[in-house]
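Data first, discussion second: the structure below is written as structure tokens.
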Amino acid sequence: MPPSGADKPFSDAEWPAIRARLFELAQRVGVPIDPPRRNVNSRLALETMELVRARAGDDAAARFHHAVSRAFFVDGANVADPSVIAAEAAPFDVTKDDVASAWERHAFAGAVDASIAASRAAGVRGVPAYGWPGGRAISGMMEPEQIVRALSSPAFAAVLDSGV
């Protein structure tokens, strides 16, 4: 994706209805969002999440991801901006210089590429996405009831019971 981001795969005519559905779903679950019209290049955020994971562990990486998601979806922050990402990484003892150095060297590109490949192999084609060991994943904009049905399905239970 170019640094400036890319158009969403919807026409200008389709976007108002899609935006309204996103807004309505988010409102129903108490998430105040204003969906952006363009996809933002989130590669810096993803590589920085791996830096946070390397420094502070999986729980910290999850908290960083949540903070960046909130900054993007709720506050409208540009997550391609190094100063935004550095500010979100600071609570995890990752400095602006750490972010810049890791980004310049693409020190965590391999981890991000592997995660993207695993997501694609699991069938992830949209966000949000939820995945489990063994490649099982659900993704895309769904009604909360659809997510519950997917997680309650016998096929999903069999995957969990198998330990895969």
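Let's test this: bin the Cα-Cα distances of segment 15-54 at 10 Å from zero up to the farthest pair and state each bin's percent.
In whole percents, the pair-distance histogram is 26, 31, 32, 11, 0.
Over the chain, with a single point scatterer placed on each C-alpha, what log10 of the ratio I(q)/I(0) does the Debye formula yield at q = 0.12, 0.15 1/Å?
-0.63, -0.98
Bear in mind these aren't lab numbers, they're just calculated from the coordinates by the rules spelled out. The shown structure was predicted, so the numbers you read here are calculated from the model rather than taken from an experiment.
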